[in-house]
1. What is the one condition in (1) at negative phi; (2) open to solvent by 30 Å² or more (accessible area, probe 1.4 Å); (3) of a type in the set (A, V, I, L, M, F, W, C) that Ala369 does not satisfy?
2. Specify the residue that is nearest to Ala458 (Cα to Cα); the eligible residues are those in the range 343-354 that are within 16 Å of ligand 1 (Cβ to nearest atom) and open to solvent by 20 Å² or more (accessible area, probe 1.4 Å).
3. If you check Asp61 against the conditions, is it of a type in the set (Asp, Glu) and not in a strand (DSSP E or B)?
4. So which of Val71, Val102 is within 30 Å of Lys598 (Cα to Cα) and hydrophobic (A, V, I, L, M, F, W, C)?
5. Starting from residues that are crowded, with 17+ Cβ neighbours inside 10 Å and aliphatic (A, V, I, L, M), keep the ones in the range 568-595 and report whichever is farthest from the chain's Cα centre (by Cα).
6. Quick one: count up the residues across the range 119-134 that are open to solvent by less than 50 Å² (accessible area, probe 1.4 Å) and in a loop (DSSP other than H, G, I, E, B).
7. Pick out, from the range 488-555, the helices (runs of 4 or more DSSP H) lying fully within it that include 3 or more residues that are at pLDDT 90 or above and charged (D, E, K, R).
Amino acid sequence: MAVIARIVPDVTGVDKVFDYLVPESLVSDICVGDRVRVPLHNRNVAGWVLQLGDTTTQFSDVDESRLLSIVKILGKGPSQEVVDLARWAAHMWVGRLRAFFVAATPATLVATLPGSRYTQVATRKKFDVDVQAIDAISAAGVSVLRRGPACSPRSIVLTAASKGAVLVVIPTLNRARLMAASLRESGLSVAVIPQDWAVAAGGVDVVIGARSAIWSSVPLLKSIIVIDEHDDALQEERSPSWHARDIAMERAKKLGIACLLVSPVPSLRALHGASRAVASLDPVTEASHWPQIRLVDRRLDERWSSSMLSSDLIEQLRDHSRRIVCVLNVKGRARLLACGSCRELVRCDVCEAAMTMSATKQLECPRCAHSRPAICVKCGSGKLAVIKAGVSRLREELAAAAGRRVDEVVEISGGETANKDQEIDQTKMLFVGTEAALHRVRDVDTVVFLDIDQEISAPRYRAAEITLALVVHAARLVARKTSGSSNKSEGLVMIQSMLADHALLRGLVSHDLSVFVEEEMSRRKLLQLPPYGALAQVSGTGVDQVADILRSNVLLQVSTTNKEAVLVKSNDWEELANSISDALVTASTRGKKTLRIKTQIDPPRA
Ligand SMILES: [Zn+2]
Ligand SMILES: [Zn+2]
């Protein structure tokens, strides 16, 4: 009998697995997940052990005499549990196994794992526990814990850690490091992923990191916590576009342990997947974790159609003691239409996206393709007006309204990552720019969303949820200021909108988003969008061949977004994944051209 290992090569572009003989000298050491060196196409490459078998069973369909041997074991890789999870994810996200192994593997070679470093039970018993977290971790299943933006999730993590090893995923590595330092002060052993990969695999109380931490190997795992599960940073932007929250839910389910999803604004996916009712603090405490949110109804302002500067905003700008950031996403702005009589914003009656006027003077929805005659649904008037954005002279207008010189207004442009090197003059008091400004200005008193309607009514189906995440970000920025006792001024988030009756905005003001959630859930259900259905974007060379095969499947809806991409919709995620995988296989055996297809499940920006 000889031992055979099935190997995933660590080579870009290679999508296959290969079988190798395990030399006698390595048989007692080799484990599933290990990094190994193997010969492939006349050179030696690295790879991972996906499965182990032997020649006495039908494990390999290649004859033993034709199998090459593994050269050596390089180091430790993901545990069997994580390898199984990766195989599930590769199927659901129609992605290459290699991508998941890379996420689950330490950056440097790890020869042996250190011993475990669990804290004594006596130490862990002394923690202040969060009563709702106790309930959540005492049984398997998904719990949603709603906590305001300024509430630290520290006590939730401590509570979980008091019951055994916990894996914590948080949107940024910086926040992971801060939380780790704070947990160590309580006497816990903490591993920060990626640098402490081996320590985590050896066994500690808390393993914490950004999205890839969900792939870390953690022995004796008792619970998983995803902090700010609504945050888009938890989704991998490249393909396969896995989301740490979805991986966490499946990992906990496979292990039969608790998964705690924490957020000020729980996502529809989380609410849909939860096993029990949302746990929140009492309304007074929850409200204390939010800064003041003031809604400015632009319809009440005389200059609504020509200027972004409402009288409320002008009053705010004149208070020179406050540091103010005005947010306006200029890129990709749509020309919003409103009723000239009643000032109602023109939106799609099916999906609520802002509608545009077609050449034939019909109103068209860029999100769901619904169209209707160009009249106001509220008052029946046919007099529709384009709202002038007034972006070009905005900086001058702001300066004039604030009674400041133009050079005292700092303009911040670009996306989240663009011109990061541009030095921001933090001594200034007034800033205007894209949402990037929220990441770059410090010590802010007021954030003003000049035109939130652009965000809420954007063509993306998740536009409303993305808007919520943006407001949470602003709330954290000004809440930090509130907590400092030295400063008397209170943080404020000001939201200017023509949709002041929108359930999302009313919910933000009252800290109760239940009406919004209910409306949004029924809309998603109606349109068969996640969490009720699954959506994938298929793109790349040869996409038309794949699209043709997918179109013949009656269980799918296929729509073309542009020349290179199609959107595929199904009411079942697994069904969608199976169909796309099958179509890729069929197309590659049928076609003459080489396929270079990219599949994004639940594409972040669709
Ligand atoms: Zn009207
Ligand atoms: Zn629509």
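1. Tallying (1) at negative phi; (2) open to solvent by 30 Å² or more (accessible area, probe 1.4 Å); (3) of a type in the set (A, V, I, L, M, F, W, C), Ala369 fails exactly one: (1).
2. Going through the qualifying residues, I end up with Arg347.
3. On the way: of a type in the set (Asp, Glu): yes; not in a strand (DSSP E or B): yes.
Answer is yes for this residue.
4. Numbers: Val71 fails: within 30 Å of Lys598 (Cα to Cα).
Matching residue, one of Val71, Val102: Val102.
5. Across the range 568-595, the extreme among qualifying residues is Ala587.
6. 3
7. Numbers: elements: 503-510, 514-526, 543-551.
So the answer is 514-526.
Condition check ((1) without any contact (Cβ under 8 Å) to a residue 24 or more places away in the chain; (2) surrounded by fewer than 18 Cβ atoms within 10 Å (Cβ to Cβ)) across all residues:
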residue	(1), (2)
Leu268	no, no
His272	no, yes
Ala277	yes, yes
Gln292	no, yes
Leu295	no, no
Arg298	no, no
Asp301	yes, no
Leu309	no, no
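The values are calculated or read from the model by the stated rules, or taken from the named source; none is laboratory data. Please read all numbers here as calculations on a predicted model, not as lab measurements. Note that we place each Cβ from the backbone using ideal geometry, even for glycine, and neighbour counts take in every protein chain shown. The protein model used for the area step is the full one, side chains on, heavy atoms only, and it has no ligands, DNA or RNA in it. Shrake-Rupley method; radii C 1.70, N 1.55, O 1.52, S 1.80 Å.
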